1. How many Å² of accessible area per residue for region 37-140, probe 1.4 Å?
2. Going from most exposed to least, what order do D119, D12 have by accessible area with a 1.4 Å probe?
3. Mind putting together the pair-distance distribution for region 1-106? All Cα pairs, 10 Å bins, whole percent per bin, short to long.
4. Over the heavy atoms of S68, what accessible area does a 1.4 Å probe trace out, to the nearest 10 Å²?
5. Return the calculated 222 nm mean residue ellipticity for the chain, to the nearest 500 deg cm²/dmol, obtained by summing -39500 (n - 2.57) across DSSP H runs with n ≥ 4 and dividing by the residue count.
6. What part of the accessible area of region 15-101, given as a whole %, is carbon or sulfur when the probe is 1.4 angstrom?
7. Excluding ligands and nucleic acids, what accessible area in Å² is computed for R4 using a 1.4 Å probe, to the nearest 10?
8. Any chance you could check the Cα centroid distance between region 91-140 and region 16-72 for me, in angstrom?
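The values are calculated or read from the model by the stated rules, or taken from the named source; none is laboratory data. Keep in mind that what you see is a predicted model, and the values were worked out from it rather than measured. SASA here: full protein model, heavy atoms, side chains in, ligands and nucleic acids out. Shrake-Rupley method; radii C 1.70, N 1.55, O 1.52, S 1.80 Å.
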Amino acid sequence: AIERTLSIIKPDAVAKDVIGQIYSRFENAGLKIIAARMVKLSRAEAEGFYAEHRERPFFKDLVDFMMSGPVMVQVLEGDNAIAKNRELMGATNPKEADKGTIRADFADSIDANAVHGSDSATAATKEIAFFFPETQTYSR
Ligand code: CMP
């Protein structure tokens, strides 16, 4: 089924100037970028986006990292988009990510892991609304 998912290119990958390379992977896999914006997250925004992780020991480091520089946020649309994006990203910990995945190729650590992607349909709906509440999307 055609799905939508939220993708974030994190500060480490933006700083490395690999936005274009990552976008090519999405496009080559049939994931269309139907909305996008660059944003420097405030603490409140980073904490709000990752609210479900509030009690985790890595929460503070995660929030500090996500505020450390601009991020590129996009909505991807395509067949089976949520799982397909997670396949392209590879495992959360780049040391465990399969060869040829975005995290294997561009990520440095479990915090600086290059990309985020929604992990379920429920999360995708919530995360898209968080970043694109009134934004026009452009399916094609
Ligand atoms: P992300 O998919 O953006 O969702 C939460 C982030 O927390 C995750 O990617 C990692 O970058 C970061 N993180 C740091 N430590 C851990 C951990 N032990 N388990 C899961 N995520 C972690």
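1. Working: 5750 Å² over 104 residues.
In whole numbers, region 37-140 has 55 Å² accessible per residue.
2. Details: D119 95, D12 15 Å².
From most exposed to least exposed: D119, D12.
3. 15, 42, 38, 5
4. 80 Å²
5. Numbers: 7 runs with 55 residues, N = 140.
That comes out to -10500 deg cm²/dmol.
6. Here it works out to 49 percent.
7. R4 has an accessible surface of roughly 90 Å² with all protein chains in place.
8. Taking the Cα centre of each part, region 91-140 and region 16-72 sit 7 Å apart.
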